[in-house]
Structure formats: structure tokens, C-alpha cells
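The values are calculated or read from the model by the stated rules, or taken from the named source; none is laboratory data. The structure displayed is predicted, hence computed values, not measured ones. So basically every Cβ, Gly included, is an ideal-geometry build from the backbone, and we count neighbours across all protein chains shown. Remember, those area values only see protein heavy atoms, side chains included, never the ligands or the DNA or RNA. Shrake-Rupley method; radii C 1.70, N 1.55, O 1.52, S 1.80 Å.
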Amino acid sequence: MTAPFRIGLLGHGTVGAAFAQLLEARAGQVEAVTGLRPELTGVLTRSRGDFEEILAGSDLIVEVIGGLEPARDYVLRSMAAGKHVVTANKQLLSQHGEELWACAREHDVQLRFEAAVAGVVPVIRVLQESLAAAHVDRLHGIVNGTTNFILTRMAETGASYDDALAEAQRLGYAEADPTDDVNGRDAAAKMAILARLAFNTPVHLDQVLYEGIEHLTADDMEYARDLGLGLKLIGTAERVDGGLSVRVHPAFLYAEHPLASVSGPFNAVTIESQAITEITLSGPGAGGPQTASAVLGDVISAMIPPASTPPATDRLEIVTDVESAFYLHLEVADRPGVLAQVAQLLGLQGASIRSVVQKGLGENARLVMVTHPILESKFYAAVELIGALDFMRSRPRPIRVIDEEFV
């Protein structure tokens, strides 16, 4: 008779319920791969189950309750008891990852978390295993399916941000409270995890600069088309002058960039290294069944001999001021000399203009331009000066541009 492999499940929401169903449906296939038959031996929710009983009766704990506490306490106690843990909790890992990985090493158990970043896209496994010996130079990621769906609909249909968000909520791609998605915090947590693995240095969520998509408009999408650009919420982690920059923000991409064609609720991560040049991984980034599939993959991996997250051996300084190209949207009075004054202020800070689109609006005009790369602090200094000019009709609206064309 095949030996059972006992799994305790913490949380039975969208992901937890999907995982329980998937585990039952795939138990035979898992048994064929591992020689062990997985079975769910207990479920903990707010209204049922006892953690101590579930822990005692399990070989592995799956944590999908989310949040920081009691999730952190449960995960630490599970590993201290010698149990493997699989989690989909990006907030927990991005804020307490070093403590959790140290606990896993101390007690010689596995802590697996593929489902915490990019759904079924196996970027965690690739960084930990396939590219473990690569010297990664940079990551770019679309790691939030909600915002990617919203921006896709705005680009395809001309919808406003509010209308695209409402559609995402109707279709189940956005939560009733989408704050952490649309303000960039969810993506920032995922980028903290990816940066930790790719660069082998501690990265806390608080060290990730992030901004969201709430301020973007249908006009931005229209001008992006005129300029041959697409707009995405991009997470970046890269080596800069011996340090590490990790950030999340909206960015325009040229069509040749490997992330430019990633649409709808899909996620994708591009990994760059001299050893491999560039690889891109993409797939569905959200949804109960998709996340449950990634959780089950981690369970199977934990049933087979181990992989662990090694201690961080590097201590890279976090860099916050980096170079970027920019899109700049200006509402101005339609009179002679406006463009010249704007160009002069940009030039004083070292910024040069790559392309310009101008449209008249009666007595006013809309001026949209893309600059060549410039240090962000210098660009924003120029924007402050431009915003104070008497012909400005509203605040300048800058958006970063990833100024690379992959071939």
C-alpha cells in the first residue's frame, strides 16, 4: 500500500478551496511521480479547525490565509516542528523573508513559494535552480494581472481608468478593494522577493519604491499610440553602480520589448544576464485555479528531495536615483515660444527631447514629448520648474519610458 503524505491546509478562500479540489483530482498523478499519495488531513479557517491538531497530523503545511499574522506565527511554528511549508503569501515573504528562510535552514525543512509571484509562471524555480549560477544583471516584470488587464482595456477600447477597473472587478480580475494592486504595493512585494533571489541580497518591501496606475488617463494611451509606445506597470530590479535598484512604476515600452505584447491578466518576467542574454517567462498571473496549480507544484517539489533558499551573501546598497527616459504630458496656453521654454528648462538639467506631439485645443494646447534617458532627480527638478511657468494649465504628468528596443 502506498504511504500517505499528509497535508494541512491553512485557509480555505478562493485559493485554498481551489487547491483542495485540485489535490483530490490530481492525487493519482502526484503518487505516480513521488511514490507518495497526498491527502488533506485538516483545514484551518476562522470558524473551524485547530492549528495544533493540524500541525501534529501533517507532513507539510500549505499556508494561503494571507496577511502577516497569524500567518507568520503559523509558518515559523510549522517549520520549527520539522514540517515543510508551501505558501502563496507575498506580503509575508517580502517583509519577513530572511527570518523565514533562516528558520527553514535551521530546521532542515523546505519553504516553497512559487505561487507568491506571477501565478503559474515558474520564475521562482528558474531563479533558484536553473539560473542559480548566473550573474543576473536585471529583471523586468509585469507581476500584477489586475493592473495589466486594466491598462490593456484602456489601450484597446479607449476606456477610462475607472471604467476599466469596474470591468476588471466584474470579471473577477480585481478585488472589491483593489488598493494594493492599483497603487503598486502588490507588485512591489513580488519584486522584493524576486530581487532577493536574483541578487542574493536582503530586500525588504519598504526598500522598494513604487507608484501605481490610478493617475493614468485615456489621453496617455492615445498619445502612446501616436508615439509607438505601450503602457505597462513594470517592476524592475537591477544592478546600478555596485548597488541595487528595485522599483515599480508605470512605464512605456517600445513594441520590440519582450514585455510589450503581454496583455490582459497575464504576467511575465524578463531576466537579463551576460551568461544567458535574455529570457522571458509568461503566463496567467492570477486566479484561484492558477495559483492553486502553482501551490500543488510546490507541494510535489517538497515531496521530492530538497531545495532551499541559501543565506544572503551579498549586501548591496539600495539605489533610489537611476536613469530613465520619460514621457511628459503638458497642458499649456497655445502661444509662441512654449516649446522653446520647455526644451530650455529640460536642457538645463541635461535632458534632450526624442520626439514631440502637439495638438491645439482652442486657446490651449496639449504638448506630449519623450525624452532621452536622464537621471530621475534631474528630470523631476526640470518638471518642477516647468510646472511653475505661467502658461501651464495643469500639473505636468510624467511617466517613465523603458528606452530599449530588443531585436
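Which order do you get for Y74, Y254, Y380 if you rank them by accessible area with a 1.4 Å probe, largest at the top?
Working: Y74 40, Y254 20, Y380 75 Å².
Largest to smallest exposure gives the sequence Y380, Y74, Y254.
Could you give the size of the charge dipole of the chain about its Cα centre, using +1 on the Cβ of each K and R and -1 on the Cβ of each D and E, expressed in debye and rounded to the nearest 20? Provide the component values of the computation, followed by the final result.
Values: 32 positive and 52 negative charges, 58 e Å.
Once rounded to the nearest 20, the dipole reads 280 debye.
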- [ ] Provide, for q = 0.12, 0.13 Å⁻¹, the log10 of I(q)/I(0) from a solvent-free Debye sum over equal Cα point scatterers in the stretch 198-265.
- [x] -0.41, -0.48
Task: Ellipsoid semi-axes in whole angstrom, largest first, where each is sqrt(5λ) of the Cα gyration tensor of the stretch 349-402 - done: 21, 14, 8
Task: For the stretch 152-161, 3J(HN,Hα) per residue [Karplus equation, 6.51 cos²θ - 1.76 cosθ + 1.60, θ = phi - 60°, Hz, x = Gly/Pro] - done: 5, 5, 4, 6, 7, 10, x, 5, 6, 4
Open item on the list: How far apart, in nanometres, would the label points at D241 and A81 be if each is projected 7 angstrom from Cα along the Cα-to-Cβ direction?
Closed with: 5.0 nm
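Answer rounded, prolate or oblate for the stretch 67-163, using the Cα gyration tensor with square roots of eigenvalues a ≥ b ≥ c: rounded when a/c is under 1.5, else prolate when a/b is larger than b/c, else oblate. Provide the component values of the computation, followed by the final result.
On the way: a/c = 3.34, a/b = 1.77, b/c = 1.89.
In terms of gyration-tensor shape, oblate.
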Open item on the list: For the stretch 1-69, what does the convex hull of the Cα positions come to per residue, in cubic angstrom?
Closed with: 93 Å³
Open item on the list: Through the Karplus equation 6.51 cos²θ - 1.76 cosθ + 1.60, θ set to phi - 60°, convert the phi angles of the stretch 215-224 into ³J(HN,Hα) values in whole Hz; use x for Gly and Pro.
Closed with: 8, 6, 10, 4, 4, 4, 5, 5, 5, 4
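Which FRET efficiency, nearest 0.05, do E156 and Q21 yield, Cβ-Cβ r, R0 25 Å? Could you put the intermediate results ahead of the total?
Numbers: r = 33 Å, r/R0 = 1.32.
So, using R0 = 25 Å, E works out to roughly 0.15.
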Open item on the list: Run the numbers for R48 and S263: contour at 0.36 nm per residue of separation, minus the present Cα-Cα distance, in nm.
Closed with: 73.4 nm
Task: Prolate/oblate/rounded label for the stretch 217-318 (Cα gyration tensor, a/c 1.5) - done: oblate
TODO: First measure r as the distance between the Cβ atoms of A388 and V33, then evaluate 1/(1 + (r/R0)^6) with R0 = 56 Å and state the FRET efficiency to the nearest 0.05.
DONE: 0.30
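Could you please tell me the mean projected area of the C-alpha convex hull for the stretch 91-213, averaged over all directions and given in square nanometres to one decimal?
8.7 nm²
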Open item on the list: Suppose each label sits 7 Å from its Cα in the direction of the beta carbon; what would the S130-L375 distance come out to in nanometres?
Closed with: 3.8 nm
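Can you give the alpha-carbon Rg of the chain over 2.2 N^0.38 Å, where N counts its residues? Mind dumping the intermediate values first?
Working: Rg = 23.5 Å, N = 407, 2.2 N^0.38 = 21.6 Å.
Normalised Cα radius of gyration, the chain: 1.09.
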Task: 5 Å-binned pair-distance histogram of the stretch 48-115 (Cα, whole percent) - done: 3, 19, 33, 28, 14, 3, 0
- [ ] Would you calculate the separation in nanometres between label points at A3 and E317, each defined as 7 Å from the Cα along the Cα-to-beta-carbon direction?
- [x] 5.2 nm
Task: Debye-sum result for the stretch 259-303 in log10 I(q)/I(0), which assumes one identical scatterer on each alpha carbon, at q = 0.26, 0.28 Å⁻¹ - done: -0.90, -0.93
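Semi-axes of the equivalent ellipsoid for the stretch 79-123, please: Cα gyration tensor eigenvalues, times 5, square-rooted, ordered largest first, whole Å. Each step should come with its number before you reach the end.
Working: eigenvalues 76, 27, 11 Å².
In descending order the semi-axes read 19, 12, 8 Å.
At a threshold of 8 angstrom on Cα-Cα distance, excluding pairs fewer than six apart, so keeping six or more, what relative contact order does the chain reach in percent?
Values: 870 pairs, mean separation 69.1, N = 407.
So the answer I get is 17 percent.
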TODO: Quick one: which residues, 5+ away or cross-chain, put their amide H under 5 Å from the amide H of E211? H built at 1.01 Å from N.
DONE: V248, H249
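How many Å³ per residue does the convex hull of the Cα positions in the stretch 245-397 occupy?
Working: hull volume 28.1 nm³, N = 153.
Taking only Cα atoms, the stretch 245-397 has a hull volume of 184 Å³ per residue.
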- [ ] Leaving out ligands and nucleic acids, note down the accessible area per residue over the stretch 203-260 with a 1.4 angstrom probe, in whole Å².
- [x] 33 Å²
TODO: Just reorder K83, K359 by solvent-accessible area, largest first, 1.4 Å probe, all chains present.
DONE: K359, K83
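As an exercise, use a Förster radius of 35 Å and the Cβ-Cβ distance of N364 and D163 to find the FRET efficiency, rounded to the nearest 0.05.
Values: r = 25 Å, r/R0 = 0.72.
That gives a FRET efficiency of 0.85.
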TODO: Could you please state how large a percent of the accessible area of the chain is carbon and sulfur, counting protein chains only and using a 1.4 Å probe?
DONE: 49 percent
